[in-house]
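A.B. asks: Here it is, the structure in full.
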Amino acid sequence: MMLPNEGYLLRIFIGESDRHDGKLLHEWIVIKAREEGLAGATVMRGMLGFGAHSRLHTFKIERLSQDLPIIIEIVDTREKLEKFLELIDNEIEEGMATLEEVKIHFYRSGQKPDR
């Protein structure tokens, strides 16, 4: 798969315990992104954060949060990401999604192309 030099970054902010049909929401989103042929996805777990409810979610020894922040990042073309957002939008009850322009320096699998 080739990506243009100008792409877009979709960031989805949700909670670690958020679910979709019994499955962890971040796992469902990544699997859906793969099914839709997006270039790739990465899930990161936050140490501290708050969202629309202003509840503090933190990772501390004395208070282990069961709902740490999760960020899913996906880079692809604007058109593919907007189509993906339409597909998942109604399945996410709480959170935030952002879309921003990025410059893609390289996108490669490490495999040498056949000559």
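A.B. asks: Exactly one of these conditions fails for Glu6: (1) acidic (Asp, Glu); (2) modelled with pLDDT of 95 or more; (3) closer than 19 Å to Glu82 by Cα. Give me its number.
C.D. replies: (2)
A.B. asks: For the range 89-104, what are the residues that are of a type outside the set (Lys, Arg), touching a residue at least 12 places away in the same chain (Cβ under 8 Å) and out of contact with any Lys or Arg (no Cβ under 6 Å at 6 or more places or on another chain)? Working first, answer last.
C.D. replies: Within the range 89-104, the first condition is being of a type outside the set (Lys, Arg), and the residues that meet it are 89-102, 104.
Filter once more, keeping what is touching a residue at least 12 places away in the same chain (Cβ under 8 Å): 91-102, 104.
Scanning the range 89-104 gives Glu91, Ile92, Glu93, Glu94, Gly95, Met96, Ala97, Leu99, Glu100, Glu101, Val102, Ile104.
A.B. asks: Name the single residue that is surrounded by the fewest Cβ atoms within 10 Å (Cβ to Cβ) among those in the range 77-115 being of a type in the set (Gly, Ala, Ser) and farther than 15 Å from Gly37 by Cβ. Break it down stepwise before answering.
C.D. replies: So the first thing to find is which residues in the range 77-115 are of a type in the set (Gly, Ala, Ser), and the list is 95, 97, 109-110.
From the residues that got through so far, the ones that are farther than 15 Å from Gly37 by Cβ too are 95, 97, 110.
Values: Gly95: 17, Ala97: 16, Gly110: 4.
Once the filter is applied, the top-ranked residue is Gly110.
A.B. asks: Touching a Leu at 6+ places or on another chain (Cβ under 7 Å) and among the charged types (D, E, K, R): is that true of Arg45 in this structure?
C.D. replies: On the way: touching a Leu at 6+ places or on another chain (Cβ under 7 Å): yes; among the charged types (D, E, K, R): yes.
Spelling it out, Arg45 is indeed touching a Leu at 6+ places or on another chain (Cβ under 7 Å) and among the charged types (D, E, K, R).
A.B. asks: Quickly run through the range 16-46 and pick out the residues that are part of a loop (DSSP other than H, G, I, E, B) and touching a Pro at 6+ places or on another chain (Cβ under 8 Å). Don't jump to the end; show me each part of the working.
C.D. replies: Here is the first cut: in the range 16-46, the residues part of a loop (DSSP other than H, G, I, E, B) are 16-18, 21-22, 36-40, 46.
Answer for the range 16-46, where residues must be part of a loop (DSSP other than H, G, I, E, B) and touching a Pro at 6+ places or on another chain (Cβ under 8 Å): Glu16, Gly46.
A.B. asks: Oh, and also: Filter the range 5-50 down to residues that are in contact (Cβ under 8 Å) with a residue 40 or more places away in the chain and exposed (fewer than 11 other Cβ atoms within 10 Å of the Cβ) and give me whichever is farthest from the chain's Cα centre (by Cα).
C.D. replies: Asn5
A.B. asks: Go through the range 61-108 and count every residue that is assigned to a loop (DSSP other than H, G, I, E, B), modelled with pLDDT of 95 or more and farther than 20 Å from Val30 by Cβ.
C.D. replies: Total satisfying the criteria: 0.
The values are calculated or read from the model by the stated rules, or taken from the named source; none is laboratory data. Since this is a predicted model, take the numbers as computed values, not measurements. Cβ coordinates were reconstructed from backbone atoms using ideal geometry, including for glycine residues, and neighbour counts include every protein chain displayed.
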